[in-house]
Amino acid sequence: VDNLGGQCNTSKRRIVQGLTFLPVTLNKNQVEKMSAFTFCRVVRSMPELRIIRPTMTRSVENAIDAPIFPDHDVNEAPIAIFDGGISSDRLDRWVTEYVYDMDTPPQMDCVEHGGQVTSAYLFGPIQDEMLPKPYTPVDHFRVLDSGIGSSLDLFDVLTRITMVLDRNSYKFINLSLGPRLPVDDDDVNVWTSVLDEYLSTGNTFATVAVGNDGQARAPNNRVQPPSDMVNAVGIGSGDLYSEDWKRADYSCIGPGRSPGLVKPDGVYFGGSSQQPFVVFTPVANSLSGVSGTSFSAPAVLRLAAGIDTTLDHELSVPALKALLIHKTQSNGQDLSIVG
């Protein structure tokens, strides 16, 4: 790469099971020459970082009065959410925010997203002004901020996540972010490869949003990393919170990448123009109607944590997955789009 006038950013490299993932800056006219290097398995353009932003956001103050928060503390072990931060004290009773870089200010659209994802876990889709009791506290890790601005920062965000996983053992985690690109049958993405290894112990229930490019032309509408992990639950969105639901048109579809061909693992209500997913937005101190797989994923995590904390005996992660899958219904829709 040096001989071709490019630059290898070796400080960001990740080595997983014999594969080395390395970001390179190089003139596109030199890419074919670089690909001839004996040990180069694949060269591809760096995808942008997705927060899986909602496809629609609107105020719903007139539909539901100001929310009434439950007067309950929870003493269970916290779950982990990796997102854009909270930057508000409105949820401090249940949420502890951890900031990677105190000197870097938050990015407001990321903060809005992070608060809404956290609300989706704490309360699910809000139905009336009295919010339900959360099942567990939340450790919210702000891995996105105003310092994350280029595609190379995909490696930095992943490193921030793995630093937390190296230090802590969480039974439940949620990821509503990742690279914005469809899975590739022939090559594994660095996010999938790294995080799947962390989850291979079978002790962590991880929900991952599959992405919001379901309306793109095939194969660009396929599920996006790292939702293709074998050891995580990739969640898509349904359009209605009723028995008449179908896959939301924005929700990415399968199949996944071998050996996890059945992706998404399932879908859950994620909102639509017909019926938004109502969340509390802490930074605005208001209710919002949103849609996106960002919200169906933590809502499923809430279901899993609810089962785990409600029963007298602690359940293993495979048992929780089995119970959730046992209650799923396809509504006559194809496996490749609803799991």
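If I ask for residues that are over 30 Å from Tyr198 (Cα atoms) and loosely packed, with under 13 Cβ neighbours inside 10 Å, which ones from region 1-26 would you list? Correct list: Asp2, Asn3, Gly5. Summed over region 279-299, the residues that are within 17 Å of Ser242 (Cβ to Cβ) and within 18 Å of the chain's Cα centre (by Cα) give a count of 4. For region 300-339, filtering for residues that are touching a residue at least 40 places away in the same chain (Cβ under 8 Å) and over 19 Å from Glu243 (Cα atoms) leaves 14. Scan region 255-277 and report the pairs whose first residue is farther than 15 Å from Leu335 by Cα and among the polar types (S, T, N, Q) and whose second residue is open to solvent by 20 Å² or more (accessible area, probe 1.4 Å) and modelled with pLDDT of 90 or more, with Cβ atoms within less than 7 Å and a gap of 6+ or a chain change. Between residues of region 255-277 that are farther than 15 Å from Leu335 by Cα and among the polar types (S, T, N, Q) and residues that are open to solvent by 20 Å² or more (accessible area, probe 1.4 Å) and modelled with pLDDT of 90 or more, the close pairs are Ser272/Leu240; Gln274/Leu240; Gln275/Leu240; Gln275/Tyr241.
Among residues of region 181-207 being β-branched (Val, Ile, Thr) and under 17 Å from the mean Cα position of the chain (by Cα), the one that is surrounded by the fewest Cβ atoms within 10 Å (Cβ to Cβ) is Thr204. Of all residues in region 303-327, those satisfying the criterion of being outside any loop (DSSP other than H, G, I, E, B), of a type outside the set (A, V, I, L, M, F, W, C) and loosely packed, with under 13 Cβ neighbours inside 10 Å are Thr310, Pro318, His326.
Do the conditions hold for Val230, that is, is it of a type in the set (A, V, I, L, M, F, W, C) and part of a loop (DSSP other than H, G, I, E, B)? When the stated conditions are applied, Val230 passes them.
On the stretch given as region 124-142, residues that are open to solvent by less than 30 Å² (accessible area, probe 1.4 Å) and touching a His at 6+ places or on another chain (Cβ under 7 Å) total 0. Within region 136-149, is even one residue in a helix (DSSP H, G or I) and modelled with pLDDT of 90 or more? Within region 136-149, not a single residue is in a helix (DSSP H, G or I) and modelled with pLDDT of 90 or more. Just so you know, in region 217-238 the residues that are in contact (Cβ under 8 Å) with a residue 12 or more places away in the chain and open to solvent by 10 Å² or more (accessible area, probe 1.4 Å) include one that is nearest to Ser258 (Cα to Cα), and it is Val230. Inside region 229-247, residues that are within 15 Å of Asp213 (Cα to Cα) and under 17 Å from the mean Cα position of the chain (by Cα) make up a count of 5. Checked against the criteria, Asp249 counts as in a loop (DSSP other than H, G, I, E, B) and out of contact with any helix residue (DSSP H, G or I) (no Cβ under 8 Å at 6 or more places or on another chain). Regarding Ser242, is this residue among the hydroxyl-bearing types (Ser, Thr, Tyr), over 26 Å from Phe172 (Cβ atoms) and in a loop (DSSP other than H, G, I, E, B)? So Ser242 passes the test. Considering Ser330, Ser251, Ser273, the condition of being open to solvent by 40 Å² or more (accessible area, probe 1.4 Å) and either closer than 22 Å to Leu195 by Cα or touching a strand residue (DSSP E or B) at 6+ places or on another chain (Cβ under 7 Å) (or both) is satisfied by Ser273 alone. Checked against (1) under 18 Å from the mean Cα position of the chain (by Cα); (2) more than 30 Å from Ser11 (Cβ to Cβ), Leu144 meets all criteria but (2). Consider region 27-42 and keep the residues that are out of contact with any strand residue (DSSP E or B) (no Cβ under 8 Å at 6 or more places or on another chain) and touching a residue at least 12 places away in the same chain (Cβ under 8 Å). The one that is most open to solvent (accessible area, probe 1.4 Å) is Lys33.
Being among the aliphatic types (A, V, I, L, M), at pLDDT 90 or above and out of contact with any Gly (no Cβ under 9 Å at 6 or more places or on another chain) is the requirement here; does Leu122 meet it? Yes, satisfied.
The values are calculated or read from the model by the stated rules, or taken from the named source; none is laboratory data. Predicted, not measured: the structure shown is a model, and the values here were computed from it. Note that we place each Cβ from the backbone using ideal geometry, even for glycine, and neighbour counts take in every protein chain shown. Areas reflect the complete protein model, heavy atoms only, side chains present, ligands, DNA and RNA absent. Shrake-Rupley method; radii C 1.70, N 1.55, O 1.52, S 1.80 Å.
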